[in-house]
Amino acid sequence: MVMKVLNFGSMNLDYVYQVDHFVQEGETLSALSQTVKAGGKGLNQSIALARAGAEVWHAGCVGQGGAMLRELLRESGVHDDYLCSVDTLQGNAMIQVNRTGENCILLFGGSNQCMTETQIDEALSHFSAGDWLVLQNEINLVPLMIEKASARGMRIVLNPSPYNDRLAEADFGKLSWIFVNEIEAEQLTGCKDPAAAWQMIHVRWPKLSLLITLGSAGCMAWLVTENGVLSAAQPAFPVKAVDTTAAGDTFTGYFITCLMEGMQLQESLRLAARASAFAVTRAGAAESIPTRGEVEQERDCIQGRESFCFG
Ligand code: RIB
């Protein structure tokens, strides 16, 4: 079944530095290597959606130096009809990746902060009730996008990352799903415990479904349906991490695609976790995202021998 999803999202040039350890305050550290790769939460999620099998349009801003990002979206099967060109430096990220594959990221918004109401209206005019809108918080005008997409009856998924004060203007009551990690869940609710965070969210926004990713501990989800709330938990697949960058974005793209396909909650979490596990075994952001074929193949293979396949 062909799915239709619009992703308003960031596109970054990722300047990736392999390091022995994350640089400390006041320290000068030599990197072990440096590469420039395609990334940005929005772009990564669009590519994950496309590789999972969804039909996705990416709306964002291409700035100076960003032509290769547009090219990669096209090559990955993402529609680029609603991309705009702006005369500003391309958004970028400085990413340190340490010896255990963990990262820390410094963002520069650049072109990702150049969305306009005209661009939003033009892109949304091609979508209608039942279509999906995916948003992250690396771009400007997220609250306005939520307002306008909700008025069209679209199903809206927000990954409020990086979490900041600008989100105070966003009406979470108009979202279908919110995807957070455990830190963002605490920022949003004040609760460290995922189940307590869910209770807070459910009381405040009763129609909002929630996904919390917990790193190597896996993830938990609560889906609000007409007949009540379904919940599920999924452990992470054990893998030897090379680079965790875009693991969450891979999860997001796969999980949304599974939901759009009408897959059961537990099975959707499982497939998304497998895709995400695959991504952490490869370096880079967008380039680490597996195709559906790779994930399905791994699925057959890992059922009895998870550590063999990913270890
Ligand atoms: O989620 C990973 C992404 O976060 C990186 O590709 C980087 O660009 C930042 O946006």
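The values are calculated or read from the model by the stated rules, or taken from the named source; none is laboratory data. In this text the structure is predicted, and so the values were computed from the model without any measurement. Cβ sites come from the backbone with ideal geometry, for glycine too, and all protein chains shown count toward neighbours. Areas reflect the complete protein model, heavy atoms only, side chains present, ligands, DNA and RNA absent. Shrake-Rupley method; radii C 1.70, N 1.55, O 1.52, S 1.80 Å.
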Q: Test Leu133 against the criterion of being under 28 Å from Cys219 (Cα atoms) and in contact with a Pro (Cβ under 6 Å, 6 or more places away or on another chain), and give yes or no.
A: no
Q) If Asn44 passes every condition in (1) assigned to a helix (DSSP H, G or I); (2) away from the ligand (no atom under 11 Å from the Cβ) but one, which one does it miss? A) (2)
Q. Do we have any residue at all in segment 173-194 that's under 19 Å from Val229 (Cβ atoms) and without any contact (Cβ under 8 Å) to a residue 12 or more places away in the chain?
A. yes
(Q) Pairs needed: first member in segment 204-232, β-branched (Val, Ile, Thr); second member anywhere, loosely packed, with under 14 Cβ neighbours inside 10 Å and not in a strand (DSSP E or B); C-beta distance under 9 Å; at least 6 residues apart or different chains. (A) Val224/Pro206; Val224/Lys207
(Q) Take the residues in segment 164-210 that are polar (S, T, N, Q) and under 19 Å from Phe255 (Cβ atoms); name whichever of them is surrounded by the most Cβ atoms within 10 Å (Cβ to Cβ). (A) Ser209
Q. Exactly one of (1) more than 16 Å from the ligand (Cβ to nearest atom); (2) in contact with a Ser or Thr (Cβ under 8 Å, 6 or more places away or on another chain); (3) within 17 Å of Lys4 (Cα to Cα) is unmet by Leu73. Its number?
A. (1)
Q) Between residues in segment 154-165 that are in contact (Cβ under 8 Å) with a residue 60 or more places away in the chain and residues that are open to solvent by less than 20 Å² (accessible area, probe 1.4 Å) and within 13 Å of the ligand (Cβ to nearest atom), which pairs lie under 7 Å by C-beta distance while being six or more apart or on different chains? A) Val157/Phe179; Asn159/Gln136; Asn159/Phe179; Asn159/Thr252; Ser161/Gln136; Ser161/Asn137; Ser161/Glu184
Q | Close pairs from segment 25-40: first within 12 Å of the ligand (Cβ to nearest atom), partner open to solvent by 90 Å² or more (accessible area, probe 1.4 Å), Cβ under 7 Å, at least 6 apart | A | Lys37/Glu287; Ala38/Glu287
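Step by step: first the residues of segment 87-146, then only those that are of a type in the set (D, E, K, R) and outside any helix (DSSP H, G or I), then the one that is most open to solvent (accessible area, probe 1.4 Å). Which residue is that?
Looking at residues that are of a type in the set (D, E, K, R) and outside any helix (DSSP H, G or I), I get Arg99.
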Q.
Testing Met3 on (1) in contact with a helix residue (DSSP H, G or I) (Cβ under 7 Å, 6 or more places away or on another chain); (2) open to solvent by 20 Å² or more (accessible area, probe 1.4 Å); (3) at pLDDT below 95, one condition comes back false. Which one is that?
A. (2)
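Residue-wise test of (1) among the small types (Gly, Ala, Ser); (2) under 20 Å from Ala93 (Cα atoms); (3) within 15 Å of the chain's Cα centre (by Cα).
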{"position": "Ala273", "(1), (2), (3)": "yes, no, yes"}
{"position": "Phe278", "(1), (2), (3)": "no, no, no"}
{"position": "Thr281", "(1), (2), (3)": "no, no, no"}
{"position": "Gly284", "(1), (2), (3)": "yes, yes, yes"}
{"position": "Arg292", "(1), (2), (3)": "no, no, no"}
Q.
Tally up the residues in segment 211-225 that are surrounded by fewer than 14 Cβ atoms within 10 Å (Cβ to Cβ) and at pLDDT 95 or above, please.
A. 1
Q) Hey, any hits in segment 100-112 for a residue that's hydroxyl-bearing (Ser, Thr, Tyr) and under 17 Å from the mean Cα position of the chain (by Cα)? A) no
